[in-house]
Amino acid sequence: MKITSTQSESVLRNRQPILKELSDFIDKPWSMLEIGSGNGQHGIYFSKNIDHLTWQLSDLRINHETLHRALKEACFPDQVLPPIDITIGVSHPKGVYDGVYTANTFHIMSADLIGDTFKIASQVLKKGGLFFVYGPFKVAGEFTSLSNAHFDEKLRGDDSVRGLRDLEALESAAHENKMSLLKKIDMPSYNFFIVFIKDYN
């Protein structure tokens with residue numbers, strides 16, 4: 001498979017396992033806000049493979065050029081919307097969505113920004129809407145693999161506010177923002193696919 005200028009090998013590896021799990025939750029027309037779209041690969045791939053899924057890209061404005069280039073390489077699929085600017089802790093999006101999705105973002109955020117991300121998700125989700133979170137996490141304060149422990153050490157060496165988060169901390173942040181844990185799915189390479197549901201408005 002040819003890798004284009006806006007693709008990454010890690011996304012090419014994880015997109016199919018994520019798609020398999022994500023598809024189980026989307027059985028009707030669905031609007032999804034992605035927080036931290038990066039190079040846009042997930043949104044483009046999932047939208048092409050799930051019927052009736054409209055995907056709103058978002059990221060810091062400095063990354064929008066990369067996202068526009070990815071859309072152009074993908075021939076601008078109609079169901080993937082051009083990026084909007086979201087700066088966690090500063091700017092919040094408008095609108096109402098069936099789902100919110102974020103992948104491999106929480107370990108590069110501070111704990112405060114993770115709380116702000118849950119707040120954003122709660123603000124834009126309908127009652128019964130779902131917040132999908134993918135990435136590596138600790139469970140009950142313990143790493144699930146030696147590779148994740150090494151990854152955490154590297155992250156904290158680069159920036160002390162970064163690091164793998166504990167799943168219990170995410171559940172607490174969800175509870176503070178009108179959400180609860182719906183499902184926790186083990187994924188390849190010691191990652192998790194976590195689904196939270198918004199319980200009330």
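The values are calculated or read from the model by the stated rules, or taken from the named source; none is laboratory data. Please read these numbers as outputs of a predicted model, since none were measured by experiment. Cβ: placed from backbone, ideal geometry, glycine included. Neighbour counts: every protein chain shown.
Residue check: is Ala169 in a helix (DSSP H, G or I), farther than 23 Å from Ser31 by Cβ and touching a helix residue (DSSP H, G or I) at 6+ places or on another chain (Cβ under 8 Å)?
So Ala169 passes the test.
Output the residues belonging to segment 165-178 that are under 19 Å from Gly128 (Cα atoms), surrounded by 14 or more Cβ atoms within 10 Å (Cβ to Cβ) and in contact with a Gly (Cβ under 9 Å, 6 or more places away or on another chain). Correct list: Ala173, Asn177. The set of residues in segment 50-67 being outside any loop (DSSP other than H, G, I, E, B) and out of contact with any strand residue (DSSP E or B) (no Cβ under 7 Å at 6 or more places or on another chain) consists of Ile62, Asn63, Glu65, Thr66. Taken over segment 88-134, residues that are out of contact with any strand residue (DSSP E or B) (no Cβ under 9 Å at 6 or more places or on another chain) and of a type in the set (S, T, N, Q) amount to 2.
Kindly evaluate Tyr134 against the criterion of being under 17 Å from the mean Cα position of the chain (by Cα), modelled with pLDDT of 95 or more and crowded, with 18+ Cβ neighbours inside 10 Å.
Against the criterion (under 17 Å from the mean Cα position of the chain (by Cα), modelled with pLDDT of 95 or more and crowded, with 18+ Cβ neighbours inside 10 Å), Tyr134 qualifies.
Candidates in segment 78-93 are the residues that are in contact (Cβ under 8 Å) with a residue 12 or more places away in the chain and either polar (S, T, N, Q) or exposed (fewer than 14 other Cβ atoms within 10 Å of the Cβ) (or both); of these, the one that is nearest to Leu53 (Cα to Cα) is Gln79. When segment 186-200 is filtered for residues that are surrounded by fewer than 16 Cβ atoms within 10 Å (Cβ to Cβ) and either in a strand (DSSP E or B) or among the small types (Gly, Ala, Ser) (or both), the ones remaining, listed by number, are Asp186, Ser189.
The test for being within 15 Å of the chain's Cα centre (by Cα), surrounded by 15 or more Cβ atoms within 10 Å (Cβ to Cβ) and at positive phi holds for Asn104.
Can you find, within segment 28-85, the residue that is modelled with the highest pLDDT among those that are among the basic types (Lys, Arg) and more than 21 Å from Ser10 (Cβ to Cβ)? Going through the qualifying residues, I end up with Lys28.
For segment 158-170, the count of residues that are more than 19 Å from Met32 (Cβ to Cβ) and among the hydroxyl-bearing types (Ser, Thr, Tyr) is nonzero.
Determine whether Leu71 is in a helix (DSSP H, G or I), over 27 Å from Ser189 (Cβ atoms), without any contact (Cβ under 8 Å) to a residue 40 or more places away in the chain and aliphatic (A, V, I, L, M). For Leu71, the condition - in a helix (DSSP H, G or I), over 27 Å from Ser189 (Cβ atoms), without any contact (Cβ under 8 Å) to a residue 40 or more places away in the chain and aliphatic (A, V, I, L, M) - is met.
Would you confirm whether or not segment 109-124 contains a residue that is in a strand (DSSP E or B) and either at pLDDT below 95 or of a type in the set (D, E, K, R) (or both)? Within segment 109-124, not a single residue is in a strand (DSSP E or B) and either at pLDDT below 95 or of a type in the set (D, E, K, R) (or both). Does segment 114-131 hold any residues that are buried (at least 23 other Cβ atoms within 10 Å of the Cβ) and on the phi > 0 side of the Ramachandran plot, and which are they? Within segment 114-131, no residue meets the criteria. Across segment 150-164, the qualifying residues are those that are of a type in the set (A, V, I, L, M, F, W, C) and either under 23 Å from Leu22 (Cα atoms) or surrounded by 14 or more Cβ atoms within 10 Å (Cβ to Cβ) (or both), and the one among them that is nearest to the chain's Cα centre (by Cα) is Leu164. Taking every residue in segment 144-158 that is in contact (Cβ under 8 Å) with a residue 24 or more places away in the chain and pairing it with any residue that is in a helix (DSSP H, G or I), at least 6 positions away or on another chain, the pairs with Cβ-Cβ distances below 7 Å are Thr144/Tyr190; Ser145/Tyr190; Ser147/Tyr190; Asn148/Tyr190; Leu155/His107.
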